[in-house]
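Scroll down for the structure; my scribbles are underneath it.
Read-outs: derived from the displayed coordinates by stated rules, not from any lab. Treat the numbers as computed from the prediction; the structure is a model and nothing was measured. Please note: Cβ atoms are built from the backbone with ideal geometry, for glycine as well, and neighbour counts cover all protein chains shown.
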Amino acid sequence: MIIARFFAKRSRRIPAANVKEKLYLSLPKKQYLDPSQFQVISDAYLNKIYSALTKLKEDNPGCMLHFNPDSLSFSKQDFALTLKKEPESQQVVMNVGEVSGHKYFYDLENERWVSDRDGHILDELLVRELLRACKGYLHI
């Protein structure tokens, strides 16, 4: 009994404020791209995702996939995913269902789209969301 109390008193919890500070320190620095550079990078990304979703659509009958130069949408019964380019803010916005958009900027150093809010990576969130809604795996 005494030993349990000794260890229980020694357990340490990190305050939530400290966790947020560490999280923001690890976010990559947002760099603004030349407009033509943003266009090339975002076009290549949407084309890559379109190709991957085309393959995923084969394993999921009843899915709808729409693509135009500035956006991409994928839907299946009660699931809807949209990727949209915003050239003025140099971001890609992802909407899943009714949830408000997650905004991503391009991290030049690591060559990937990163959330400016919490630092998560767009590719990882796409795979996770599509695994819940579809059969198969999104190969990006």
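How big is segment 73-130 by Rg and Dmax over its Cα atoms, in Å?
So, for segment 73-130, Rg and Dmax equal 11.6, 38 Å respectively.
Just want the ordering: 102, 139, from fewest to most Cβ atoms lying within 10 Å of their own Cβ. Could you put the intermediate results ahead of the total?
On the way: 102 19, 139 9.
Starting with the residue having the fewest Cβ neighbours, the order is 139, 102.
So which of 29/103; 57/135; 84/135; 57/85; 55/135 end up more than 18 Å apart by C-alpha?
From the list (29/103; 57/135; 84/135; 57/85; 55/135), the Cα-Cα distance tops 18 Å for 84/135; 57/85.
Could you compute Rg(Cα) / (2.2 N^0.38 Å) for segment 30-133, with N its residue count?
1.05
For segment 30-133, give the magnitude of the charge dipole about the Cα centre (Cβ charges: +1 Lys/Arg, -1 Asp/Glu; no others), in debye to the nearest 20.
The calculated dipole for segment 30-133 is roughly 260 debye.
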